Amino acid sequence: MAQPAWMITLNVQQPAWIITLLVSSLVFIVFWFILKNSKDREEDYDGIKKKGFKIRNVYFVILFSVLLGATFYTITDLPYDRPPEFVNATEVEVEALQFGWDFSQEEFEVGEKYAFHVTSQDVNHGIGFYDEDMMLLTQTQAMPDYTNTVYVEFEEPGTYQILCLEYCGAAHHLMIHEIEVK
Amino acid sequence: MDNPLVKINPMTKRLVTFPVLMSGLFIFLMMAFGVIMLLNQANMIQINMGMFYQLMTIHGTGMIGFAALGAAGIMWYFLSQYVELNRRVFQINLILFLLGVVSVLVGIFKYDFAGGWTFLYPLPAMSGGMWAEAGATLYLGGMLLIGCGFLLLFLEVSRAIISKYGSFAQSLGWPHIFGLRKEEDAPPPTVVASTMVSIVNITALIAGAAILVMSLINLYNPSFTIDPLLAKNLIYAFGHIFANSIIYMGVILVYEMLPRYTGRPWKSYKIFLIAWTLSTIFTIIIYPHHLLMDFVMPNWMLIIGQVLSYMNGLPVLIVTAYGALMIVYRSGIKWDVTSSFIMLSMFGWVIGVIPAIIDATIIVNQVMHNTQWVPGHFHLYMGIGATAMIIGFMFYLTKFDANRTDQEIDRASFWSFIIGILGLSASFLYSGQISTPRRWAEHVPEWIAPNIIGVIFGTIATLAMLVFVFRFIVISHKIGKSETSFDESTRKIS
Ligand code: HEM
Ligand SMILES: [Cu+2]
Ligand SMILES: [Cu+2]
């Protein structure tokens, strides 16, 4: 079972990086193998194609199954709907503006459940929750005229950083805000 | 193989030379700007933050624009073998493009526009004090000119294809897919690809023009507002499709040249045609993967965004890249610089797809969206996918249409380019993996190490690009003037 996406302990960055490296290496090996075997000439291209298409059938089935499996594995717990545990969550209003954040409350508690309702006064911004190690835990867009709700439960006490994750003008990188979790 | 010769009119050769030269030259310049951005993020130089975002805006706009210009040259050049194209339209596009570029440059550098190449509404009109209407008007107006030029170009390509093949359904090979006509008579890959690109780009450019015009009106009449979510959809539909179309134009070089290098045919067949029809549909409808963090979007659109983004990898992984590997396997191919770039582009496309598919996963996107992971993906895909096609085409033109021979320096810069872009992209991906946000002028100390690596590899790639462009400029005046050397030299000799 995949960890629910809204839980902030989720660390998917590292697996993403490792999978990328592994699969890229695999691709590299395949290309290398073909290039190593490209210099001699085999006149019977139809023969090569026949064999190639056979291998491709297997490759297709494997690739398709992997993608399908990954889809089912990852699509079960999306961050969009309010999870049942969050029915009684504390509601927090957040408004972004060039270039800062306006929170209806600044202090939070470990183990409490929060629903952050995020909107913007002016342009598009993005709210990114960073932990003490500066790892991104979750995010949503802060849009004018719309309110996106992101569900967060803090697992560790400490000072968390809010960083802007949508380019919003010259001081975009100064849109940092600290919140305390006790 | 029936016809190993490329039959291209010398006028067409000369016609594409200038835009391809501009494309190479500006890609080089934009790379240099990229290195400056990295130097600033690595805290090795200090530029003011406004200038950083101006450079970011021109880097993104210029890269996409000039890569599209070069790739359109590839399409035009090879497509002219099969259909009657009106060269006037190509020239009009070029003129509108250059006018648009001037307007964009003035908007950015004289009037301080720095809204990013995605000009996300309502940012152009609400800069927070950095730029005023003039800058935004010049930028958006310039983009509109560029868009109109390309729209004309793709309408002309559509016209030419339809007048020869009857309809897009025919030129996508649907009768052949459904067995109504023999596979052997299917339209050649170049025509199929050009059809796909025309369809997706006409869609993209109309969406783009609509949002550009609305944004322009909004600049002067703030009471005219657009639904910001609709605006976002239009912008990403335009941006995603147009940026992706570059590689689908460039790949024509692969389809045209690998058969000639290997003496083996690469014809359209059923699965090939199905793959291209799927690519047409997917390319248009998967853009919501840019909106996965817009929770107010209809959820089904976002789920489709993930699922179809996965599937969108299949055509290239199963058909094009696989086909390229099959055709060179034990072919006795001669690896000159052109054929090397062609193969490199296949490699770049495939590995560029991997981090993209991962990031299109909603629960991954939740911690990767708008981090450096995203530039990591598209610097692979664009840098050694699409750009490799354009550089390959530059080497193709000077070799076959102007008698250039490969030199040591060409091979050395080829390898430097690969190493440069791979290192640069890895540094971006690594940054993404440690949560560094994208589009941040200044980085905190924890984020800086990969930026320094990026500076080193980015510089290597930029220098390599300088060599390619220099070699092209020196020889390009001969293109289309001397007899084409193609016929003898690449009729496949074992
Ligand atoms: C030496 C080569 C290059 C270097 C050093 C470089 C560097 C950069 C940097 C530093 C950024 C900003 C990253 C951030 O968000 O913090 C960037 C963004 C970008 N680059 Fe490159 N780049 C290079 C080549 C390319 C190529 C070849 C292309 C496409 C053909 C390209 C297209 C883009 C685009 C579209 C953006 C996004 C701009 C935005 O976020 O608005 N780059 N690049
Ligand atoms: Cu921002
Ligand atoms: Cu996209």
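Quick one: if you take sqrt(5λ) for each eigenvalue of the C-alpha gyration tensor of the protein assembly as shown, what semi-axes come out, biggest first, whole angstrom?
Calculated on Cα positions only, the semi-axes equal 42, 28, 24 Å.
Anisotropy class assigned to the stretch A:5-75 is oblate, per the alpha carbon gyration tensor with a/c at or over the 1.5 cut-off and a/b no larger than b/c. Taking all Cα-Cα distances within the stretch A:86-181, those exceeding 20 Å account for 29%. Derived from the Cα gyration tensor, the three semi-axes of the equivalent ellipsoid of the stretch B:248-381 are 32, 17, 10 Å, largest first. When the Cα positions of B:221, A:150, B:429 are compared along the charge dipole of the protein assembly as shown, B:429 comes out farthest toward the positive end, with charges on each C-beta of Lys, Arg, Asp and Glu. Computed as a quarter of the hull surface, the mean projected area of the alpha carbon convex hull for the stretch B:10-490 stands at 21.9 nm². Listed from fewest to most Cβ neighbours within 10 Å, the set B:382, B:368, B:126 follows the order B:126, B:382, B:368. To the nearest ten degrees, helix B:299-314 and the longest principal axis of the Cα atoms of chain B are 30 degrees apart. For the stretch B:322-343, the residues whose backbone nitrogen is under 16 Å from a point 7 Å from the Cα of residue A:33, taken along Cα to Cβ, are B:322-330.
For peptide A:127-134, the mean count of partner chain Cβ atoms within 10 Å of a residue's Cβ comes to 3.
If you take the Cα centroid of the stretch B:134-210 and the Cα centroid of the stretch A:126-145, the two points sit 39 Å apart.
Against the main long axis of the alpha-carbon atoms of chain A, helix A:13-36 sits at an angle near 20°. Rounded to the nearest 500, the helix-only mean residue ellipticity at 222 nm of chain B stands at -24000 deg cm²/dmol, with each DSSP H run of n ≥ 4 adding -39,500 (n - 2.57). With r defined as the distance between the Cβ atoms of residue A:134 and residue B:162 and R0 fixed at 41 Å, what FRET efficiency is calculated, to the nearest 0.05? The value I calculate is 0.15. The mean of 1/r over all pairs of different alpha-carbon atoms in chain A, once inverted, gives a Kirkwood hydrodynamic radius of 19.9 Å.
Between residue B:44 and residue B:406, the C-beta separation translates, for a Förster distance of 51 Å, into a calculated FRET efficiency of about 0.90. Mean sequence separation of contacting Cα pairs (under 8 Å, at least six apart), scaled by the length of chain B, corresponds to a relative contact order of 20 percent. Taking the number of Cβ atoms within 10 Å of each Cβ as an exposure proxy, the fewest-first ranking of A:59, B:236 is A:59, B:236.
Residue order for B:137, B:17, fewest other beta carbons within 10 angstrom first, comes to B:137, B:17. Placing pseudo-labels 7 Å out from each Cα toward the beta carbon at residue A:40 and residue B:335 gives an inter-label distance of 1.7 nm. Charge tally for residue A:169 (other residues, Cβ to Cβ under 12 Å; Lys, Arg +1; Asp, Glu -1): -2. Between the stretch B:240-314 and the stretch B:419-464, what is the separation of their alpha carbon centroids in Å? Cα centres, the stretch B:240-314 to the stretch B:419-464: 27 Å. Structural descriptor for the stretch A:135-182: relative contact order 34 percent, calculated from alpha carbon pairs under 8 angstrom and at least 6 residues apart. Across peptide B:353-365, the mean count of Cβ atoms from other chains lying within 10 Å of each residue's own Cβ comes to 6.
Let me have the relative contact order for chain A, percent, based on Cα pairs under 8 Å that are six or more residues apart.
Taking the mean separation of contacting Cα pairs over the length of chain A, I get 21 percent.
Taking every residue in A:47-59 and counting other chain Cβ atoms within 10 Å of its Cβ, the average works out to 3. If R0 is 22 Å, the Cβ-Cβ spacing of residue A:72 and residue B:304 corresponds to a FRET efficiency of close to 0.90.
I want to make sure I understand the PRE zone here: with the label point 7 angstrom from the Cα of residue A:85 toward its beta carbon, which residues in the stretch A:127-147 have backbone N atoms less than 18 Å away? Inside the label zone: A:137-139. Helix B:189-220 and the longest principal axis of the C-alpha atoms of chain B enclose an angle of approximately 20°.
Just so you know, all these numbers are worked out from the coordinates, no wet-lab data involved. Everything quoted here is computed from the prediction, not taken from an experiment. Methodologically, a virtual Cβ is constructed for each residue, glycine included, from the backbone with ideal geometry; neighbour enumeration extends over all protein chains shown.
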